[in-house]
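The values are calculated or read from the model by the stated rules, or taken from the named source; none is laboratory data. Small disclaimer: the values here were computed from a predicted structure and weren't measured. Cβ: placed from backbone, ideal geometry, glycine included. Neighbour counts: every protein chain shown.
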Amino acid sequence: MDSKVSIQDLNLYYGDFHALKGVSMEIPAGGITAFIGPSGCGKSTCLKTLNRMNDLVDGCKITGKVTIDGEDIYDPRTDVTLLRKRAGMVFQKPNPFPMSIYDNIAYGPRVHGIKNRQKLDEIVENSLRAAALWDEAKDRLKKSALGLSGGQQQRLCIARALAVEPDVLLMDEPTSALDPISTLKIEDLMDELKSKYTVIIVTHNMQQAARISDKTGFFLLGELIEFEDTNKMFNMPSDKRTEDYITGRFG
C-alpha cells in the first residue's frame, strides 16, 4: 500500500535542542493515524513538520525528508501556501477568526481565488455539513463565529480546514480544550472524515487514540519508539517502553 505521507530520518533542532531524532514512518492514505507520548516528547513538533508550521520558529533546523504523495515538501521550490492548503491544520484551542461563520469558511477559498458567490455558498454549506455543524449554524451564518460554543468553534475550525479541500488533515490535540460531549462529537466526525481524508492526530489521551485511530506512533524524548496498527500496539506492544506508557507506569 502506498504511503500518503512518508517521513525519512527526520531530525529537527530548535537551536541546540535536538527535538526530533531520526524519525521515520510511512503513513497510509485514508484512516486515522495517532501520535501519542508524554508531554514534550516531540509528537506535536512532528505533526507541525508536515505542513511546515515549524518554519515560523526562529532557529529551527530540519534534516531528512518528508513527502506527501511523493513530493518533497521541504524542496526549496515548494509553495508553502499550497502545501498548507493540502495539509490543513486544526489546533488545540479553537481559533475562529473574529468574523462571521460564513466568512470563516469562505476565507480560504477566497484566498485561493474563488470569488463566485454561488460557489462560495456551496463550499460553506458542504464544509459545515462535513463538520456536522450545518444544522446548528445555518440560521446564523452572518453572525460572529465567536458566539459559538467551544465545541462548535472547534467544528467550525475543522470546516474551515476542509473548505480548501485538503488531502491531509492535521489535528493537534483537537479535543483537549473541550467537554466530553463535544469531544465525542469531534471523534464521531473524525471517524466520518477518514474515508475521504488522511487524518493525523496528536493526542495525550490514550483512550482516544485506542478508540479512533487505525495506526499509532509512540514518541518518547524525540524518538519514534514504535509505529504500528493501533490494535496491535495497545494489545501487544513490541517495545517495553510502549507497554509501560500504555499501562500507565509513566507519562
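Out of LYS61, LYS43, LYS93, which single residue is under 22 Å from GLN208 (Cα atoms) and modelled with pLDDT of 95 or more?
Result: LYS43 is the single residue among LYS61, LYS43, LYS93 that is under 22 Å from GLN208 (Cα atoms) and modelled with pLDDT of 95 or more.
So that you can scan it fast, the table gives a plain yes or no per residue for (1) buried (at least 16 other Cβ atoms within 10 Å of the Cβ); (2) without any contact (Cβ under 8 Å) to a residue 24 or more places away in the chain; (3) touching a Lys or Arg at 6+ places or on another chain (Cβ under 9 Å); (4) more than 19 Å from LYS93 (Cβ to Cβ):
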| position | (1), (2), (3), (4) |
| --- | --- |
| VAL168 | yes, no, yes, yes |
| LEU184 | no, yes, no, no |
| GLN208 | yes, no, no, no |
| LEU220 | yes, no, yes, yes |
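Report the residue count in segment 118-172 for those that are basic (Lys, Arg), farther than 24 Å from ILE68 by Cβ and within 21 Å of the chain's Cα centre (by Cα).
Filtering segment 118-172 for residues basic (Lys, Arg) gives 119, 129, 138, 140, 142-143, 155, 160.
Among the residues that remain, those that are also farther than 24 Å from ILE68 by Cβ are: 119, 129, 138, 140, 142-143, 155.
Now restrict to residues that are within 21 Å of the chain's Cα centre (by Cα): 129, 155.
Matching residues across segment 118-172 total 2.
Please tell me if LEU83 is farther than 24 Å from ASN54 by Cα and hydrophobic (A, V, I, L, M, F, W, C).
No; evaluated as a whole, the condition is false for this residue.
Return yes when ALA131 is surrounded by 16 or more Cβ atoms within 10 Å (Cβ to Cβ), under 21 Å from ALA29 (Cα atoms), hydrophobic (A, V, I, L, M, F, W, C) and at pLDDT below 95 and no when it is not.
yes
Which of the numbered conditions does MET53 fail, given that it passes all the others? Conditions: (1) modelled with pLDDT under 95; (2) surrounded by fewer than 19 Cβ atoms within 10 Å (Cβ to Cβ).
In the conditions (1) modelled with pLDDT under 95; (2) surrounded by fewer than 19 Cβ atoms within 10 Å (Cβ to Cβ), MET53 misses (2) alone.
Of the residues that make up segment 155-162, is at least one at pLDDT 95 or above and either of a type in the set (S, T, N, Q) or more than 22 Å from VAL199 (Cα to Cα) (or both)?
No, because not a single residue in segment 155-162 is at pLDDT 95 or above and either of a type in the set (S, T, N, Q) or more than 22 Å from VAL199 (Cα to Cα) (or both).
Could you please let me know if THR183 is more than 17 Å from ALA130 (Cβ to Cβ) and assigned to a helix (DSSP H, G or I)?
Yes, satisfied.
Name every residue in segment 186-211 that is among the aliphatic types (A, V, I, L, M), assigned to a helix (DSSP H, G or I) and over 16 Å from ALA161 (Cα atoms), in order of residue number.
Quick first cut of segment 186-211, residues among the aliphatic types (A, V, I, L, M) only: 186, 189-190, 193, 199-202, 206, 209-210.
Add one more test, that the residue is assigned to a helix (DSSP H, G or I), and what stays is 186, 189-190, 193, 206, 209-210.
Within segment 186-211, MET206, ALA209, ALA210 meet the criteria.
From the list SER100, SER24, pick out the single residue that is hydroxyl-bearing (Ser, Thr, Tyr), at pLDDT 95 or above and closer than 27 Å to THR183 by Cα.
So the residue among SER100, SER24 that is hydroxyl-bearing (Ser, Thr, Tyr), at pLDDT 95 or above and closer than 27 Å to THR183 by Cα is SER100.
Here are ASP58, ASP69: which of them is at positive phi and surrounded by fewer than 16 Cβ atoms within 10 Å (Cβ to Cβ)?
On the way: ASP58 fails: at positive phi.
Criteria check complete, one pass: ASP69.
I need the full set of residues from segment 231-249 which are in a helix (DSSP H, G or I) and either of a type outside the set (A, V, I, L, M, F, W, C) or surrounded by fewer than 16 Cβ atoms within 10 Å (Cβ to Cβ) (or both), in order please.
ASN231, LYS232, ASN235, LYS240, ARG241, THR242, GLU243, ASP244, TYR245
Where in segment 1-120 are the helices (runs of 4 or more DSSP H), entirely inside, with at least 1 residues that are touching a residue at least 40 places away in the same chain (Cβ under 8 Å), closer than 30 Å to GLN207 by Cβ and out of contact with any Lys or Arg (no Cβ under 9 Å at 6 or more places or on another chain)?
43-49
Could you go through segment 160-170 and let me know if any residue there is of a type in the set (D, E, K, R) and on the phi > 0 side of the Ramachandran plot.
yes
So which residues in segment 121-153 are under 15 Å from MET99 (Cα atoms), in contact (Cβ under 8 Å) with a residue 40 or more places away in the chain and of a type outside the set (A, V, I, L, M, F, W, C), if there are any at all?
LYS142, LYS143, SER144, GLN153
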